[in-house]
Amino acid sequence: MTEGRFLTGGTMGHVVRMTATGAFGITFIFLVDAANLFWVSQLGRPQLVAAIGFAYAIQFFSVSVGVGLMITTTALVSRSIGAGEVDQARRQAGAAITIALSVMAAVVTLIVGFRYGLVALAGAEGETARLAARYLAMTVPALLPMSVALVLSGTLRAYGYGAKAMYVTMLSGLVLLVLDPILIFYMGLGLDGAAIGLVLFRFTLLILAIAFAILQLRLVDRPRLRTLRRLLPPFVAVATPTIATQMSTPAGNYFLTMVMAPFGDEAMAAWAVVGRLTVVVFGGIFALSGAIGGIFGQNFGAGQMARVRSTYRDALVFCGIYTVVAWVLLLSVTSLVIDAFALTGLGAEVLRAFSLVGVGGFVFIGALFVSNAAFNNLGRPSWSTLVNWIKDGALSWPAAAGLALVFGAPGVIYGQALAGALVGTLAALWGWSYVRGLKGPQEVDLDPIFPRPYPNPDRFRRR
């Protein structure tokens, strides 16, 4: 491939196509994850569902590191493709795999080693805490193969192979969909069966990602020490703020879990269901940021600023339409979801609050994700870090804690939506102002908050 796929054609078409393939893939994964939670809930022990909720809040941190590495890979590889440096892009992908494995190994070691303290800090007690720690010990090490799969998926999207990236996630999800009831019920493994299924799913992701990105399409060059040394500085320059941005979401979720935990296992079971519903219903919104990164990156690398601006605008429009449709659909099936997951009392109240108010907040969360994609791929990744930590680190916890005093457990949902609305609006306006004023790649050699050289393919070209 000598020219990027996103440099010609309507930008709305690219946004819809890439987001649709990303949404199908990520929604299917989270749908299977929700099915995993459903099967566990059918065992009739709310503490098992609560244990998964606590473990999810902790594991979310490590998954977010992998997602940050994936976004960084997409940003750098797509920009190199837009600039016509395909060999450079292949070297960056190979180096990204090595970096991802090294970073994730450290993260896995820390989480497994301190798992008991982490679940206790989140608010888990007694048998629920023991089960959450056991689940973490079984599933967290499998984040190593998953991190490589995420980097390869980011590489596929950077080149415009959205369908291939979708196949990786969907086929792996099918494996888990089949295995879950067998392991949890028919083999009688319960929560351990859910953990084993998740581990097998992550290894399947790796196998399929290697098959498509490396063996079939040959998008990755074999990592070499010389290449790694050359590409490490620009990679770290983008990855540091990008990972910091991704960490804000699990941090916010962790803080909100601490607010929800005192309301008991019923509320925590509903909180676990809300977490799964969020990513299932809004798979398209979560996919949007990563999906449009390649579109931004290629056109930015090619100096096509008018297409960069139209991509931003089209992504916001897509986000608004998607959220309204999802909101209507979820409102119509709320009672069915409550019955399916056997939620009662306070748990049912929490889920209704999410369907009625929390879902509407994703109009603004989606706008925040669009601005994140623009900042990450257009030379200002630290701005994404700033706005996300304002939402998740500065506003979400006090808003949720304050409204919980007034409304009880549903107040956590209301606080989360309020923080998202405020920061999402700010980020969308800031992002558009920045994109509208861009003249070309030469303008963003330095990030004003983290003053390190933004990677310029010409500076690292093989000589």
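Coordinate-derived values only; no laboratory data. Everything quoted here is computed from the prediction, not taken from an experiment. For neighbour counting, all protein chains shown are included, and Cβ atoms are generated from backbone atoms with ideal geometry for every residue, glycine included.
State, as an integer percentage, the relative contact order of region 9-440 based on alpha-carbon contacts under 8 Å between residues 6 or more apart.
Relative contact order of region 9-440: 25 percent.
Write down Rg/Rh for region 300-438, rounded to two decimals, with Rg from the C-alpha atoms and Rh from the Kirkwood relation over Cα pairs.
1.07
So how much slack lies between PHE203 and VAL325, counting 0.36 nm per residue of separation and subtracting their Cα-Cα distance, in nm?
40.5 nm
Classify region 383-441: rounded, prolate or oblate, from the alpha-carbon gyration tensor (a ≥ b ≥ c, eigenvalue square roots; a/c under 1.5 rounded; otherwise prolate if a/b is larger than b/c)?
prolate
What shape does region 109-201 take by its C-alpha gyration tensor, where a ≥ b ≥ c are the square roots of the eigenvalues and a/c under 1.5 counts as rounded, a/b above b/c as prolate, and the rest as oblate?
Note, shape of region 109-201 comes out oblate.
What does the extension gain come out to for LEU215 and GLN42, with contour length at 0.36 nm per residue minus their alpha carbon separation?
Here the segment from LEU215 to GLN42 would lengthen by 58.2 nm.
I need the helices of the chain that pass two filters: whole DSSP H segments spanning 27 Å or more by Cα along the axis, and mean Kyte-Doolittle score no lower than -1.0.
11-41, 46-82, 86-113, 162-181, 190-209, 225-260, 283-301, 305-332, 410-437
Would you please put 244-257, 212-225 in order of how densely packed they are, using the mean number of other Cβ atoms within 10 angstrom per residue and starting with the highest?
Peptide ranking by packing, descending: 244-257, 212-225.
Starting from 0.36 nm per residue, how many nanometres of slack lie between ALA306 and VAL236 once their C-alpha separation is accounted for?
Extending this stretch completely gives an extra 22.3 nm.
Quick check on the chain: helices-only [θ] at 222 nm, where DSSP H runs of length 4 and up contribute -39,500 (n - 2.57) each and the sum goes over total residues. Nearest 500, please.
-26500 deg cm²/dmol
For region 188-262, what is the convex hull volume of its Cα atoms per residue in Å³?
Dividing the Cα hull volume of region 188-262 by its residues yields 156 Å³.
Bin all alpha-carbon pair distances of the chain at 20 Å intervals from 0 and give each bin's fraction as a whole percent.
With 20 Å bins starting at 0, P(r) equals 26, 59, 15, 0.
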